[in-house]
Amino acid sequence: MRYFSKMRLIIATILLLVIGIAVPAMASTNSTMTPPKIITLAPISLSPEMREKYSEQTILVKVKATIAEAGTIASDIKIITGSGDEAFDQAVIESVKQSVFSPAYTSDHQAVASSFILPLQVKVEKYLPEEPITNENVQATEQK
């Protein structure tokens, strides 16, 4: 019986030592690179039909992209978690393609290409149909 409790204590000690050594080692390798950053995220252009369909909803879309050393999109953007609507997902892809990024940098300040996953929560504002401009609307506005 005592043999098993001593073995558990030894195994637990070994695990703590291994974890204690591995975690700082992993942290030091991760800290040598600065990840890419979004400088400007382009607006997502939705058709009036999509704005009406998703009015006042928040849609989660996760995309994977590779940012080149110059800060541009280096490869195709892939949808990891889609909205379920191909047109909506395509609008998100177009937005990411038009966005501006800063590349990843190594510890010696060299720009490098890197891939990242970007989770986007797209909040669609309340849809209000646009009224066509007519002379009656202009006259009513001027009278106020």
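Worth a mention:
- Residue ID - farthest from the chain's Cα centre (by Cα), chosen from residues in segment 29-52 that are surrounded by 14 or more Cβ atoms within 10 Å (Cβ to Cβ) and in a loop (DSSP other than H, G, I, E, B): Leu46
- Filtered by the rule that a residue be surrounded by fewer than 18 Cβ atoms within 10 Å (Cβ to Cβ) and either touching an Asp or Glu at 6+ places or on another chain (Cβ under 6 Å) or not assigned by TED's automatic domain parsing to the domain that holds Val61 (or both), segment 73-99 gives Ile79, Gly82.
- Taking the conditions (1) assigned to a helix (DSSP H, G or I); (2) exposed (fewer than 14 other Cβ atoms within 10 Å of the Cβ) in turn, Ser55 satisfies each one other than (1).
The values are calculated or read from the model by the stated rules, or taken from the named source; none is laboratory data. Computed from a predicted structure; not experimentally measured. Every residue, glycine among them, receives a Cβ derived from its backbone with ideal geometry; neighbour counts consider all protein chains shown.
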